[in-house]
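Engineer: The structure under discussion is supplied below as structure tokens; questions concerning it will follow.
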Amino acid sequence: MTDPRVGVALGGGAARGIAHIPVLEALDDLDITPCCIAGTSIGALVGAAYASGIPAREIREHTLRVLGRPRDAARHIRESDRGLLSLLNFSLSRPVTLDGMALVEMALPDGVAARVEETKIPLMLTTTDFYAASEMLIRTGDMRAAVAASIAIPGVIAAPRLKGRVHIDGAMTNPVPFDHVRAAGAEIVLAVEVTGKPEQNGEKRKPALAELAIGSTQIMQLQIAALKRRLDPPDIWLRPPLHGFKAYDFFKAREILQAAAPLREEAKRALEKALQG
């Protein structure tokens, strides 16, 4: 008798998505190879590395090497083939944005598959088709372009066009894409939600415009995820304790990993229970 097929869904949450790593480490601890992985936004980036066969320990080491401190990131950019200017999209008619493709190429570790269909673990990435106002599931195609489309934040990170279409962050339509894992045949669905929520600033001042914009998006994504859970709940739902970490706290990678450390054992206990049941 074979063990049930375990599928993994990695949600969006910008810097908080660094907390996906302890969950992947739990899978490695238990010697579980998922039957499939679905990822959106930062979950697409982390999922692309893990599905390509890169162990979670190496993903952790790469993350700390690149984001452990601001000067580490600066050195990584200097030593890359592209350099700082390649990260920026300049335009006389629009604000400067980050180039999604260049960002992904700098962020992904060596060894990631060139195409989505070439991963060792079947991979599904999601993005949002802007004009169609709908989710798009990506199973094939250029890996860097697919991840760049999944992480695109309007006005911040520009995505490449896929099939001539404009795309934005996949978490806008499916913050934790566990439904695709279930549809792909997983018998045990493990989902990791790292959206976060608006943080109380402790003061009686009104939130700044940026706080309102980000917080409004978080509220929307939390509501979408809650609705999907009610319709078809995953077997395991993990939400790391990341209160106080903001979407752009990438240089707090070490602190995020420390805060999410208990998730490794929590995931192992939940998986062992699900496999025994």
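Engineer: When you scan the stretch 52-73, do you find a residue that is touching a Phe, Trp or Tyr at 6+ places or on another chain (Cβ under 6 Å), surrounded by fewer than 18 Cβ atoms within 10 Å (Cβ to Cβ) and modelled with pLDDT under 95, even just one? Let's see the steps before the verdict.
Structural biologist: So the first thing to find is which residues in the stretch 52-73 are touching a Phe, Trp or Tyr at 6+ places or on another chain (Cβ under 6 Å), and the list is 67, 70.
With surrounded by fewer than 18 Cβ atoms within 10 Å (Cβ to Cβ) added as a condition, the list becomes 70.
Of the ones still in play, those that are also modelled with pLDDT under 95 are 70.
Yes, because at least one residue in the stretch 52-73 is touching a Phe, Trp or Tyr at 6+ places or on another chain (Cβ under 6 Å), surrounded by fewer than 18 Cβ atoms within 10 Å (Cβ to Cβ) and modelled with pLDDT under 95.
Engineer: Right, another one. Identify, please: which residue in the stretch 92-119 is assigned to a helix (DSSP H, G or I) and modelled with pLDDT of 95 or more and is, among those, least open to solvent (accessible area, probe 1.4 Å)? Spell out the reasoning first.
Structural biologist: Filtering the stretch 92-119 down to residues assigned to a helix (DSSP H, G or I) leaves 100-107, 116-118.
Checking which are modelled with pLDDT of 95 or more leaves us with 116-118.
Values: 116: 2, 117: 86, 118: 106 Å².
Checked the stretch 92-119; the qualifying residue least open to solvent (accessible area, probe 1.4 Å) is 116.
Engineer: While we're here: Taking the stretch 208-234 as the region of interest, how many residues are in contact with a helix residue (DSSP H, G or I) (Cβ under 7 Å, 6 or more places away or on another chain) and either outside any loop (DSSP other than H, G, I, E, B) or surrounded by 15 or more Cβ atoms within 10 Å (Cβ to Cβ) (or both)? Even if it seems obvious, please write down each step before you answer.
Structural biologist: Kept after step one, since they are in contact with a helix residue (DSSP H, G or I) (Cβ under 7 Å, 6 or more places away or on another chain), are these residues of the stretch 208-234: 221, 228, 232, 234.
Retained after the next criterion (residues that are either outside any loop (DSSP other than H, G, I, E, B) or surrounded by 15 or more Cβ atoms within 10 Å (Cβ to Cβ) (or both)): 221, 228, 234.
The number of residues fulfilling the criteria is 3.
Engineer: Within the set of pairs 6 or more residues apart or between chains, which connect a residue that is buried (at least 18 other Cβ atoms within 10 Å of the Cβ) inside the stretch 262-274 to a residue that is at pLDDT below 95 with Cβ atoms less than 7 Å apart?
Structural biologist: Partner pairs satisfying both residue conditions: 263/240.
Engineer: Let me ask you something else. Suppose we keep only residues that are open to solvent by less than 20 Å² (accessible area, probe 1.4 Å) and not charged (D, E, K, R) within the stretch 120-130. Which one would you say is farthest from residue 153 (Cα to Cα)? Before you say what the answer is, go through the steps one by one.
Structural biologist: Initial filter on the stretch 120-130 (open to solvent by less than 20 Å² (accessible area, probe 1.4 Å)): 121, 123-129.
Still in the list and also not charged (D, E, K, R): 121, 123-128.
Working: 121: 27, 123: 22, 124: 20, 125: 16, 126: 14, 127: 11, 128: 11 Å.
Looking at residues that are open to solvent by less than 20 Å² (accessible area, probe 1.4 Å) and not charged (D, E, K, R), I get 121.
Engineer: Counting only residues that are in contact with a strand residue (DSSP E or B) (Cβ under 9 Å, 6 or more places away or on another chain), within 17 Å of residue 10 (Cβ to Cβ) and of a type outside the set (A, V, I, L, M, F, W, C), how many does the stretch 117-160 have?
Structural biologist: Residues in the stretch 117-160 being in contact with a strand residue (DSSP E or B) (Cβ under 9 Å, 6 or more places away or on another chain), within 17 Å of residue 10 (Cβ to Cβ) and of a type outside the set (A, V, I, L, M, F, W, C): 8 in total.
Engineer: Quickly run through the stretch 20-69 and pick out the residues that are free of Cβ contacts under 8 Å to residues at least 60 places away in the same chain, in contact with a helix residue (DSSP H, G or I) (Cβ under 9 Å, 6 or more places away or on another chain) and assigned to a loop (DSSP other than H, G, I, E, B).
Structural biologist: Hits for the stretch 20-69 are 54, 55.
The values are calculated or read from the model by the stated rules, or taken from the named source; none is laboratory data. Bear in mind the structure is a predicted one, so any value in this text is a computation, not a measurement. Heads up, the Cβs are rebuilt from the backbone with ideal geometry, glycines too, and the neighbour counts pull from every protein chain shown. Side chains included, ligands, DNA and RNA excluded: accessible areas come from the protein's heavy atoms. Shrake-Rupley method; radii C 1.70, N 1.55, O 1.52, S 1.80 Å.
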